[in-house]
Amino acid sequence: MINEVTQSTPLKGWWETTEFPGKSFCDLREDGELVLKKTETFPERIIAVLNPDNADAALKALLEKFPEVEAKLRELEQEWDSTPDKLKLMGKVSRLRDYLLHTNAIGDFDQLHRKIISWEARLEELVEQNYRTRLELVEKAEQLAANSESWKEDTQKLKELGDQWKAIGFIDKHRNDDLWNRLENARNKFFERKRQHQEEQEKELLRNLDLKMEIVEKAEGLAESENWKEVTEIFRQLMDQWKSVGRTIHEKNEELWNRFILAKNRFYERKRIHFESIQAEQEENYIHKLALVEQAEALKDSRDWNKTSQAFAEIMDSWKSIGKVPLEKADELWARMNAAKEIFFTNKRQHLESVRVSQEDNYAQKFALLKRAEAIKNSSNWRETTEEMNELLTEWKKIGPVPREHMQTLWEQFLAARKHFFNRKDDDREKRKQFVEKQIQNKYSKTRSFLEQLEQELQEERTRLEDFRNALENVTPGNKEEELRTHLEKLIAQTEHKIRHKEEKVADVRKQVADLEKMNRPGNKEEEAAVIPQPEA
């Protein structure tokens, strides 16, 4: 039972005579500081400073806040139980842990912290499993790189290893970078040996066949992808690569082309069906969310604070459980929902002294988001971290105001963490661009040297032809005159055939050199990207 503080009842006496659930977790100091006691799982911390004017209201607000804190853990616990890939919840577990360490409420925080500790132990175990699985993939890749001679089959195996790598969940950055470098080195070693093998063959038709097979295999590997935007761009690049590859065996070229078009059409048909289903789903979501907005607008002028607050919470739970609506309707719908909520909660804030506790809770939530942003700002998992950074910003925008003394500093620190990550992402993109330019220059140098060699060989053949013709004109009459003439005419025909073949080869290589020179000129970076595969992020 909570007694009222009066002038005749000092604060300490009020505390000793007041009974309420959770009192055993707290202690009141002489200076009025209300302390949450230390346990095995969290340190002691001050949750409020009481005085005779605010003691009753503050104690009531802190007691009412703890069920909200418990609800956050139960919400995450439900998501934990229903989520197969627990590592996707790592950021949320981390944020909830930081939130529990900073939010102000009265209740059994120890049991909540123990639940967080058990989740973090499970996440650490899953990370270790992912590390061992990736290590096995790397060792397989290194074995292929060192011993492979079956180029086509082992190229597919390496591709499958890469696909398997992408399917494996999160591990810590240091070990992930080490394993990724080993995998990249193995792949580079494998493709370098394969490239040397192809160069030794000196058979342009077979080389082109192999290039087109790689394009087709990559296209077939992407046909079932759901990364719609990224894979659409990749198919455009694959088409450009196909056009840049020279001719190959006719019947094989037709077969590969049909396979490539089949994979491409399969992806685009799935993409069309996907977006049509999304549109239909979003229209249905709009109907459900519109009904929630109308409920909220009917409640916005209510003065039944507790009941209506719960009703708004249920409305928002329902809102969150419903997917996206059409983009052109989303802002208006959300604006109406926010307007209804704002009217009600503005009125509520004018009647409830607990606004201070609410603002401090907002601070704890945003502080948890800040801690998570700073924890991942040095990550090199560009795609996943970009999504999480945007998720953090979305969550940030959903959270209400914090105390004025923290507002500017907290926001600037959060923006600084985001800016740090996206600057690193831009730097990495520039490095990959420079890598492409270097590859094109190396290919240009090799092709240019090969052209000079062919031109020298062509000149030698022409000189030899001239010698044979001179010899034919100066054959000495005699018994073997006819036999010698026949022999020289045969040599001349063979040499003329060689010269025609060399001239065709020289013309083809000159075209390759011209194409590479064009790529080296400013404004042709898209062509470079089409010819030289981009390194993975």
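Readers should treat all values here as calculations from the given coordinates under stated rules, not as data from a laboratory. Predicted, not measured: the structure shown is a model, and the values here were computed from it. All Cβ positions, glycine included, derive from the backbone under ideal geometry; neighbour counts span all protein chains shown.
Taken along the Cα-to-beta-carbon direction at a fixed 7 Å, the label points for R247 and E160 span 3.6 nm. For the stretch 295-321 and the stretch 110-143, write down the distance between their C-alpha centroids in whole Å. Value for the Cα centre distance between the two parts: 40 Å.
Here the contact order of the chain, divided by its residue count and restricted to Cα pairs under 8 Å and six or more residues apart, works out to 11 percent.
The angle between the Cα long axis of helix 305-321 and the longest principal axis of the Cα atoms of the chain comes to about 10 degrees, rounded to the nearest 10.
Only the Cβ atoms of Lys and Arg (+1) and of Asp and Glu (-1) were treated as charged; on that basis the dipole of the chain about its Cα centre amounts to roughly 600 debye.
Taking the Cα centre of each part, how many Å lie between the stretch 10-79 and the stretch 469-523? Measuring centre to centre over Cα atoms gives 97 Å.
Excluding residues on the same chain fewer than 8 positions from K480, give the lysines whose Cα lies under 17 Å from its Cα. List returned: K490.
Each Lys and Arg contributes +1 and each Asp and Glu -1, all at the Cβ; summed about the Cα centre of the stretch 433-531, the dipole is approximately 540 debye. Listed values for the stretch 504-511 are Karplus-derived 3J(HN,Hα) couplings in whole Hz (6.51 cos²θ - 1.76 cosθ + 1.60, θ = phi - 60°), namely 5, 5, 4, 4, 5, 5, 4, 5, and x replaces Gly and Pro.
The trypsin sites (Lys or Arg not before Pro) found in the stretch 256-361 that occupy coil by DSSP, while having at most 12 further C-beta atoms within 10 Å, are R303, K324.
In the chain, the calculated helix contribution to ellipticity at 222 nm averages -27500 deg cm²/dmol per residue, counting -39,500 (n - 2.57) for every DSSP H run with n ≥ 4. Relative to one another, the C-alpha centroids of the stretch 246-278 and the stretch 173-224 are positioned 21 Å apart. For E33, the residues whose amide H sits under 5 Å from its own are L50, ignoring neighbours fewer than 5 places away on the same chain, with H placed 1.01 Å from N. Across the stretch 325-333, rounded Karplus estimates of 3J(HN,Hα) from the backbone phi angles (6.51 cos²θ - 1.76 cosθ + 1.60, θ = phi - 60°) give 10, x, 4, 5, 10, 5, 5, 5, 5 Hz, Gly and Pro being marked x. Note that the chain shows a convex hull volume over its alpha carbon atoms of 187 Å³ per residue. Whole-Hz Karplus values for the stretch 265-281 come out as 5, 4, 5, 5, 5, 5, 4, 4, 4, 4, 6, 5, 5, 4, 4, 5, 5 Hz, taken residue by residue from phi with 6.51 cos²θ - 1.76 cosθ + 1.60 and θ = phi - 60°; glycine and proline positions read x. Residue pairs exceeding 25 angstrom between C-alpha atoms, taken from K72/K397; K229/K431; K243/K425; K72/K366: K243/K425.
The slack between Q129 and S302, meaning 0.36 nm per residue of separation minus the straight C-alpha distance, is 57.0 nm. Legend: residue pairs K166/K320; K194/K446; K60/K348, Cα-Cα distance threshold 20 Å; pairs beyond threshold, K166/K320.
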